[in-house]
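The values are calculated or read from the model by the stated rules, or taken from the named source; none is laboratory data. What you see is a predicted model; the values in this text were computed from it and never measured. FYI the Cβ positions are ideal-geometry reconstructions off the backbone, even for glycines, and counts take in every protein chain you see.
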Amino acid sequence: MQQRQADAWQATTEQWAADVKADKEIGGDKLNGNLSAAQRALDQFGTPELKEYLNTTGLGNHPDLVKTFIKIGKAMSEDGMVSGKETGQRSAAEVLYGK
């Protein structure tokens, strides 16, 4: 009985992985880039314990969880550093009246 449950769980997690690969939104040609985004999010916010849990249980293959981490990773990469343009010294008139 215990072996049957383990086999059933293994089949479920393998099906999840296949579903992710075949997903029209995140899979196919977009899979590698999307998985990189998901990995960035997990690296940034996930603890080593969470990573181990997701790997050992197979829950890391769940399509909704993968999609969530992809969205987080993409949101992280959309943020960029705003760099100011150096303007040099401005006169008092330029500071007060612009130009």
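Points worth noting:
- The C-beta contact set for the stretch 6-33 (first residue over 12 Å from His62 (Cβ atoms), second residue not in a helix (DSSP H, G or I) and not hydrophobic (A, V, I, L, M, F, W, C), distance under 6 angstrom, 6+ apart or interchain) comprises Lys21/Gly27.
- Out of Asp19, Asp29, sole residue that is under 17 Å from Lys74 (Cα atoms) and out of contact with any Ser or Thr (no Cβ under 8 Å at 6 or more places or on another chain): Asp29
- Considering (1) under 10 Å from the mean Cα position of the chain (by Cα); (2) modelled with pLDDT of 95 or more, the lone condition that Ser77 does not fulfil carries the number (2).
- Number of the exception - Ile26 against (1) surrounded by 14 or more Cβ atoms within 10 Å (Cβ to Cβ); (2) in a helix (DSSP H, G or I): (2)
- Looking across the stretch 16-32, the residues that are of a type in the set (A, V, I, L, M, F, W, C) and touching a Lys or Arg at 6+ places or on another chain (Cβ under 8 Å) come down to Ile26, Leu31.
- All conditions in (1) under 30 Å from Gln5 (Cβ atoms); (2) in a helix (DSSP H, G or I); (3) among the β-branched types (Val, Ile, Thr) hold for Ile72, with the sole exception of (1).
- Check on Ala38, part of a helix (DSSP H, G or I) and without any contact (Cβ under 8 Å) to a residue 12 or more places away in the chain: no
- Asp64 vs. criteria free of Cβ contacts under 8 Å to residues at least 12 places away in the same chain, out of contact with any Ser or Thr (no Cβ under 6 Å at 6 or more places or on another chain), over 24 Å from Gln10 (Cα atoms) and assigned to a helix (DSSP H, G or I): no
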